[in-house]
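Trainee: This structure is in structure tokens; I'll ask about it shortly.
The values are calculated or read from the model by the stated rules, or taken from the named source; none is laboratory data. Please read these numbers as outputs of a predicted model, since none were measured by experiment. Cβ coordinates were reconstructed from backbone atoms using ideal geometry, including for glycine residues, and neighbour counts include every protein chain displayed.
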Ligand code: FES
């Protein structure tokens with residue numbers, strides 16, 4: 001049912017943990033199952049130099065978080081924003097259709113962490129919040145942390 005890559009990233013997830021003094025932190029939850037993903041980004045000169053995550057969720061959520069942190073490293077903020085949940089799932093050689101919703105967390109956590117980075121640095125344009133929520137507002141409930 002699961003690809004070898006999914007099993008690998010589930011049993012041996014990359015980049016688990018927190019980044020102290022992260023430049024952007026995003027937390028999102030999946031109301032369908034209650035699973036939560038938190039992503040930490042270190043950003044220098046507009047490039048994501050490090051990423052870590054903590055996920056309280058199913059195996060597919062852990063595997064997609066792990067792959068998402070691998071995918072964003074070395075990318076510019078703009079490139080990272082273009083990473084879709086499909087791209088994360090494809091990088092894992094696919095997910096079973098009923099687990100695709102789990103990969104939404106990865107895409108949304110990247111966007112939430114970048115939103116946080118932009119807000120902290122005065123880079124948030126007036127459309128950013130709308131763009132970040134976008135079409136999946138029904139599925140994903142953003143849980144921005146209280147500062
Ligand atoms: Fe909740 Fe997979 S079942 S994210």
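Trainee: Look through the stretch 86-101, keep the residues that are assigned to a helix (DSSP H, G or I) and touching a helix residue (DSSP H, G or I) at 6+ places or on another chain (Cβ under 6 Å), and return whichever of them is farthest from the ligand (Cβ to nearest atom).
Mentor: Just the residues of the stretch 86-101 that are assigned to a helix (DSSP H, G or I), to begin with: 86-91, 97-101.
After this cut, where a residue has to be touching a helix residue (DSSP H, G or I) at 6+ places or on another chain (Cβ under 6 Å) as well, the list is 88-89, 91, 99.
Values: 88: 12, 89: 12, 91: 17, 99: 6 Å.
Per the criteria, the residue is 91.
Trainee: Could you grab me the full set of residues in the stretch 67-85 that are in a loop (DSSP other than H, G, I, E, B) and farther than 18 Å from residue 13 by Cα?
Mentor: Once the filter is applied, which keeps residues that are in a loop (DSSP other than H, G, I, E, B) and farther than 18 Å from residue 13 by Cα, the stretch 67-85 yields 74, 75, 82, 83, 84.
Trainee: Give me the pairs, please: first residue somewhere in the stretch 71-94 and within 14 Å of residue 61 (Cα to Cα), second residue anywhere and in a loop (DSSP other than H, G, I, E, B), beta-carbon distance under 8 Å, and either six or more positions apart or on two chains.
Mentor: Pairs that qualify, where the first residue is within 14 Å of residue 61 (Cα to Cα) and the partner is in a loop (DSSP other than H, G, I, E, B), are 89/95; 92/3; 94/3.
Trainee: If you go through the stretch 13-32 one residue at a time, how many are part of a loop (DSSP other than H, G, I, E, B), more than 16 Å from the ligand (Cβ to nearest atom) and touching a strand residue (DSSP E or B) at 6+ places or on another chain (Cβ under 6 Å)? So that I can check it myself, show each step before the final result.
Mentor: Within the stretch 13-32, the first condition is being part of a loop (DSSP other than H, G, I, E, B), and the residues that meet it are 13-15, 17-23, 31-32.
The next check asks that each one be more than 16 Å from the ligand (Cβ to nearest atom); those that pass are 14-15, 17-23.
With touching a strand residue (DSSP E or B) at 6+ places or on another chain (Cβ under 6 Å) added as a condition, the list becomes 15, 17-19, 22-23.
So the answer is 6.
Trainee: For residue 104, only one of the following conditions fails: (1) modelled with pLDDT under 95; (2) assigned to a helix (DSSP H, G or I); (3) over 12 Å from the mean Cα position of the chain (by Cα); (4) within 23 Å of residue 15 (Cα to Cα). What is its number?
Mentor: (3)
Trainee: Quick check: anything in the stretch 111-120 away from the ligand (no atom under 16 Å from the Cβ), on the phi < 0 side of the Ramachandran plot and not in a helix (DSSP H, G or I)?
Mentor: No, the stretch 111-120 contains no residue that is away from the ligand (no atom under 16 Å from the Cβ), on the phi < 0 side of the Ramachandran plot and not in a helix (DSSP H, G or I).
Trainee: Scan the stretch 33-42 and give yes if some residue there is away from the ligand (no atom under 14 Å from the Cβ), in contact with a helix residue (DSSP H, G or I) (Cβ under 9 Å, 6 or more places away or on another chain) and more than 16 Å from residue 105 (Cα to Cα), otherwise no.
Mentor: No - not one qualifying residue is present in the stretch 33-42.
Trainee: Please tell me if residue 49 is touching a residue at least 12 places away in the same chain (Cβ under 8 Å) and within 16 Å of the ligand (Cβ to nearest atom).
Mentor: Values: touching a residue at least 12 places away in the same chain (Cβ under 8 Å): yes; within 16 Å of the ligand (Cβ to nearest atom): no.
No; evaluated as a whole, the condition is false for this residue.
Trainee: Here's a follow-up. If I ask for residues that are over 15 Å from the mean Cα position of the chain (by Cα) and over 19 Å from residue 98 (Cα atoms), which ones from the stretch 21-42 would you list?
Mentor: Of everything in the stretch 21-42, just one residue is over 15 Å from the mean Cα position of the chain (by Cα) and over 19 Å from residue 98 (Cα atoms), namely 21.
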